[in-house]
Structure formats: C-alpha cells, structure tokens
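The values are calculated or read from the model by the stated rules, or taken from the named source; none is laboratory data. These figures come from a predicted structure and were not determined experimentally. Cβ placement follows ideal geometry from the backbone for every residue including glycine, while neighbour counts extend to all protein chains displayed. Remember, those area values only see protein heavy atoms, side chains included, never the ligands or the DNA or RNA. Shrake-Rupley method; radii C 1.70, N 1.55, O 1.52, S 1.80 Å.
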Amino acid sequence: MARPLAARIKLLLLQTMGFLIGLIGKAARAFGGPKFGSMTTPPVVEPLLLLSGVQLAKLIRLRKVKCIDVIQAYINRIVDVNPLINGIVKYRFEEAKEEAHAVDKKLAEKQEDDATLENKWPFLGVPLTVKEAFQLEGMPNSSGLVSRRNAISKTDATVVALLKKAGAIPLGITNCSELCMWYESSNKIYGRSNNPYDLRHIVGGSSGGEGCTLAAACSVIGVGSDIGGSIRMPAFFNGIFGHKPSPGVVSNKGQFPTARGAQELFQCTGPMCRYAEDLVPMLRVMAGPGIKKLKLDEKVHLKDLKFYWMEHDGGSFLMSKVDQDLILAQKKEPLKFVDLLSDRGKPINALWELVKWCLGLSVHTIPAIGLALLEEKLKYSSEKYKKFMAVKESLQKELVEMLGDDGVFLYPSHPTVAPKHHVPLSRPFNFAYTGVFNALGLPVTQCPLGLNAKGLPLGIQVVAGPFNDHLTLAVAQYLEKSFGGWVCPGKL
C-alpha cells in the first residue's frame, strides 16, 4: 500500500476520533490493584469445554450429551477460573441450570429430526455470556457507572432476546470499562479484569470481560459492542474471534449508554467466540431481519479474492510502533460524555473529579475523567467538521473502490500485544488501528494468529467492503485452519 493512504488513516483518526487522551500517563501505574506474577489460568481438562457452540448444540439436539452436563461443566470452570480473571461480574447459575433441565425435558418429549431442531434452535443449550452494557433480564445494567449500580434490566436487549430464542443459555454478564469508553476493562463497581494468558496484562475494552471470559473457556459464545474497536481489541488481546458487522445489520437496542447522533454510525453489535465456525451462525441469529443485507449464503473461493495489506499506519508520537512479531504474523452530539457520567443527574465538574481522583475520592475512573476534560476543551467548529468529513469521505471512497466485492484488507489489530495494566493511559491513541474502520463503516473480523514468544496472543484484522461480511468471515475460517485459532491458556 502507498504511504499516502497510511498518512490519511492516521490523519482521520487523530482528527475525527481524538476523544481519548491520557492525562496522568505512566504515573497512574502506582495506583494499580493487586500485583500478579507471570501466570496464566489453568488449562482445560473437561472435553466439553473444548467444543464450539455449533458442535455442542448438535450433540445436545441428538441427545448425545445432556444440556445440564454442558452447563454444569461451564459453571465448574467459572468457579475455578473467574476469581483470577474477574470476567463475569454477575452469575445466573441457578436460572441457567433450570433452563438446561427444561431443554433436556423438551428433547425427551419431542421426536423431531436434527435438521428441524437446528432450524428452530441453532444454539440449543449453548452457554452464552453477555457484556454488562446490554440488557439481560434480571441482571445489572450499569456499564460500570457507580450511580447506576442498582439498575436492573427488566427486559432483554434485542440481540440477547434473539440468541435466547435460538436456544442459548446465559450464564452471566461480563465486565466493561466505565461507560464503555476505554480500552482497559476496569470500573469502580466491578474492579478490573485480567488477561488469562498473563494476569498482569489487560483484557482490552470495552468488551474486555467478554473477551477474557471466552478465552479462559468460561463461555463459548458472547455478545459485544464496538464503537472504536470494543469487540476487536478484546478479541485480539485474548486470542479469540470478534466480528464488527457492517453498520445497520445488527440491532444496537437495549444497551447503556445509548449511541446518539454520529455515534450511531460508529457503533456496531457483534459476535465474539473462540471458534470461527460459530461466527456465521451467530451473526445470522443476531442480525434478525437485518441478515437480508448480507450475502452469507454466497460461496467464497479464497483463490479468487484480492488481498491487500499494510504493516502499520506510518507511525506517530501519539501511538506505539507496531511490534515486529505482529508484522511478521500478519456534527455535534446531542448527548455529551460528561452528561453520561452524571447519568442525567447533577452535572459533574471534570476538573474537580480529577482532584478527587488524586485523593482517592472519585467514583469515576481516570480514563472517564480524562475524556470528560478533553470534551470540555475540544470543540470543533463547523468549518473543522467539514474538513474532517472530507478526509473521511475521500479515504472511504478510495478503500471501497479498491476492495470492491472481491477484496479483503489485512491490517494490524493493535500496535502491540496485550499491554500490562495501566499502560494504555500513556498510549491513548493506540485504538486508532481499530477505530478507523468504525469511522469508515466497514465490516471487520479480528482473527487470532497463535501466541508470541511470551505466550501472549497475536492477531490480525480482516476488512472488506460494505456488506461483504461473508468475505472476512470466510477468511477467518481459513486463518483458523492455518494458524490453529484459539489456544487454551495454560496449555503446555
């Protein structure tokens, strides 16, 4: 790829998505939580935990394994591992077991063939976890905001309802960053999540609890949302698959905070999972009627695809350089962020919150306070907005024309593998590697590419033109076969 394209990607992100900045930097490390040694979660010994959602559903439908046994196996794993990673922040074990028994009873009474059952319930009995920002009936829905710690969902988000209707059984809700606006999943309600490959490292955000839960084999399929990389960064840092669909395909209804204005164009809800074969079936279910916009039934022949790639975006003092092993693996918003922090209550003073944070008295995280401060200072005029939009539209046109309906673009998921806790505060713009594709409105699949020499996951983003999700999903399955896909943490 030519250097001008790299420069334009960098310019677009710095101008239109520069809403994150670290005000404290590396000094914030001193305020960290408990210190861990270099260690991973224990390896999986239960075979049921090593099957995809598609495989589990088939075994359950054919009555070769009881649903209650699958659910209990996952509950056992969660009890053993979740205290280390803090991925799931609220369990629904008793409800899940009741639902599993109901599945076994239903199958014992019905004599329908597997094809009929699969059409009705493609994920029958399959364990599911859901990002806490989504409504799951009876579960908290705070997005890590202290003032919402008692907010309990009375209904299900659209995608959650669709997955439950398809037979999936939720085991609990997973951690996220405060108000889903940072790429480390930590907040004042649930605390911090830890990477199962090395507990000293981050899980990403904002769907980070989901990412580490799946990676640690505490769930098999999950729900995430992505407004600047919030599915893909956690999927990358935790060595799993994550898909940001083409905008407008999957419903965003039932999340807090609610995307408004230009945010609606950036935010996408999508599937996260350990096995590539679950991506397409999950997307079919989660999209509902929106699936008609995609071409998932088209056969993809990889030999006929055009492949484009870039090693990095050209570099910037605001962002980290891309790790060599990753290269080798290859207008105005109606609702401002500061309003969300107050949850429509008494307005907060961001500077005062910073002073309180330094004294250990603030109920907000430092990334959230930093974003509120930046928002107060960064006010774009309509003139600047027009210039930024012109840059975005020009780049979008060039990429869409280049990719066509038969091209995919390989691009780093992040400049580095999962950093240690608090490091993102000194590199706030590293999310640019994922965020650019939210701005451009293109479908992207994050794919794992094994582990580096230190045992941390590697990965790559696969990008396609609008509504060509089937291309990136097909490449994901190919990369899984070639690189091995998800690697169990702790595996010797």
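Miscellaneous remarks
- In the set 136, 179, 128, only one residue is crowded, with 24+ Cβ neighbours inside 10 Å, among the aliphatic types (A, V, I, L, M) and on the phi > 0 side of the Ramachandran plot; that residue is 179.
- Residues in the range 480-492 that are open to solvent by 20 Å² or more (accessible area, probe 1.4 Å) and of a type outside the set (Phe, Trp, Tyr) were compared, and the one that is modelled with the lowest pLDDT is 492.
- Neighbours by Cβ (under 8 Å, 6+ apart or cross-chain): first from the range 266-282, over 19 Å from residue 484 (Cα atoms); second of a type in the set (Asp, Glu): 267/226; 268/226; 269/226; 270/226; 271/278
- Filter result (buried (at least 24 other Cβ atoms within 10 Å of the Cβ) and of a type in the set (Gly, Ala, Ser)) within the range 229-247: 229, 230, 235, 239, 242
- Number of positions in the range 248-280 that are in contact with a helix residue (DSSP H, G or I) (Cβ under 6 Å, 6 or more places away or on another chain) and either open to solvent by less than 40 Å² (accessible area, probe 1.4 Å) or among the β-branched types (Val, Ile, Thr) (or both): 13
- For residue 214, the requirement of being in contact with a helix residue (DSSP H, G or I) (Cβ under 9 Å, 6 or more places away or on another chain), buried (at least 24 other Cβ atoms within 10 Å of the Cβ) and not in a strand (DSSP E or B) is met.
- Residues of the range 383-417 that turn out to be in contact with a Leu (Cβ under 8 Å, 6 or more places away or on another chain), among the charged types (D, E, K, R) and assigned to a helix (DSSP H, G or I), as a count: 2
- Selection count, the range 44-59, where residues are in contact with a Phe, Trp or Tyr (Cβ under 9 Å, 6 or more places away or on another chain) and either open to solvent by less than 10 Å² (accessible area, probe 1.4 Å) or not in a loop (DSSP other than H, G, I, E, B) (or both): 8
The rows are residues; the columns are (1) more than 18 Å from the chain's Cα centre (by Cα); (2) closer than 14 Å to residue 408 by Cα; (3) open to solvent by 10 Å² or more (accessible area, probe 1.4 Å); (4) not charged (D, E, K, R).
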{"residue": "426", "(1), (2), (3), (4)": "yes, no, yes, yes"}
{"residue": "430", "(1), (2), (3), (4)": "no, no, no, yes"}
{"residue": "434", "(1), (2), (3), (4)": "no, no, no, yes"}
{"residue": "438", "(1), (2), (3), (4)": "no, no, no, yes"}
{"residue": "443", "(1), (2), (3), (4)": "no, yes, no, yes"}
{"residue": "446", "(1), (2), (3), (4)": "no, yes, no, yes"}
{"residue": "450", "(1), (2), (3), (4)": "yes, no, yes, yes"}
{"residue": "467", "(1), (2), (3), (4)": "yes, yes, yes, yes"}
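- Test: residue in the range 104-122 that is surrounded by fewer than 23 Cβ atoms within 10 Å (Cβ to Cβ), under 15 Å from residue 173 (Cβ atoms) and more than 20 Å from the chain's Cα centre (by Cα): no
- Residue match in the range 82-91 (condition: in contact with an Asp or Glu (Cβ under 6 Å, 6 or more places away or on another chain), crowded, with 20+ Cβ neighbours inside 10 Å and in a loop (DSSP other than H, G, I, E, B)): no
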